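Participant: Attaching a single structure in structure tokens format; questions to follow.
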Amino acid sequence: MFETLVPWLGGFPLIWVGLGASFLAGAATGLGALPLVFIRQISQKTQDTFLGFGAGVMLAASSFSLIIPGIEAAQVGQSNPWIPALIVGTGILLGGLFLRLSHEFSPHEHFIKGPEGADPQNLARVWLFVIAIALHNLPEGLAVGVGFGSGDLTNGISLALGIGLQNIPEGLVVAAALLTEKYTRAKAFWIALGTGLLEPIGALLGVAALSFAATLLPWGL
């Protein structure tokens, strides 16, 4: 599939390719929420299974489409093998610090299902959970943008596909949480979709940064 897709995408500016791919990856949250438009309820066990699948996909995408290409990019012009490892290791720590500070200063909560029935406190908790999901979709979009900004379309497509796959169970869980608080199916779907559509913003930042400074590639990956 990539053999025909990559040459075709190569005819477009990278910034538009990255933006489009991140939009599709983010829209996968809406795909995950779609079953709840037709199904009354999905069990907690099923939700946990889907989230576990998404975690495994994201772990693989992080390793094969971000860390390994990051090391390869940092090796260009370097004779000391420790320098690429130091660059990528520092980049990982900076990414972790960014998310840590985001969690520290942005209102959010990781939703744990409580008593049935809606009240103001539970409604606030569900929205904090939605914010938490939206919060980490921004650096996901950044990763897709950097992946395409490197010029390696195959790697960028693989990364966008991996992130899109793990966004599907996220959308399912966001919509399920909103339904427990008596939101309509339509509202639950659109809110779940909206959390994923922050990703193109991150992608735009990633591609734009690499357009100005290619040396940022291993750090960004």
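Participant: For the stretch 180-189, just list the computed ³J(HN,Hα) in residue order, Karplus coefficients 6.51, -1.76 and 1.60, θ = phi - 60°, integers in Hz, with x standing in for Gly and Pro.
Facilitator: 5, 9, 6, 6, 5, 4, 5, 5, 4, 5
Participant: How many times 2.2 N^0.38 Å is the alpha carbon radius of gyration of the stretch 18-57?
Facilitator: Cα Rg divided by the expected 2.2 N^0.38 Å: 1.38.
Participant: Whole-Å semi-axes of the stretch 39-84's equivalent ellipsoid, largest first, each the root of 5 times a Cα gyration tensor eigenvalue?
Facilitator: 40, 8, 5
All of the numbers you see were taken from the coordinates with simple rules; none came from a lab. As the structure is a prediction and not an experimental result, all values here were calculated from the model.
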